[in-house]
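Undergrad: A single structure is presented below for examination.
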């Protein structure tokens, strides 16, 4: 698995703790509470690694265009129902797996200045998958 393509981040705003396996130069991710996530999934080996770990998380984002081609470099912002920023990052591949407290969140994903917004109910147990599909030529 390519360690530069997969990011493992645990971040807190109050404690200013950011642990990341991300390439240098990435903007700091924000989190109102401790949020762990991984982003990537480029290539078969990395995609299989994501599938093997998805049971550790309760939110899965998958980015693609209508033709079915996957997307990377999608900017993601996740806010709580109270509009508190929980996570902001740029995806390193078509998959993002996050562990959030149970609740309702707004996901905003931007690719090439086109933003998709979804409301997601994240369970305490299990995994909710949210496809983000742009109507662009693939």
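Undergrad: Measure off 7 Å from each Cα along the Cα-to-Cβ vector at residue 112 and residue 128, then give the distance between these two points in nanometres to one decimal.
TA: 2.9 nm
Undergrad: Hey, can you rank 35-42, 119-126, 66-73, 55-62 by average C-beta count inside 10 Å, highest first?
TA: By packing density, highest mean first, the sequence is 35-42, 55-62, 66-73, 119-126.
All of the numbers you see were taken from the coordinates with simple rules; none came from a lab. Not measured: the values here are computed from a predicted model. Ideal geometry is used to build each Cβ from the backbone, glycine not excepted, and the neighbour counts take in all protein chains shown.
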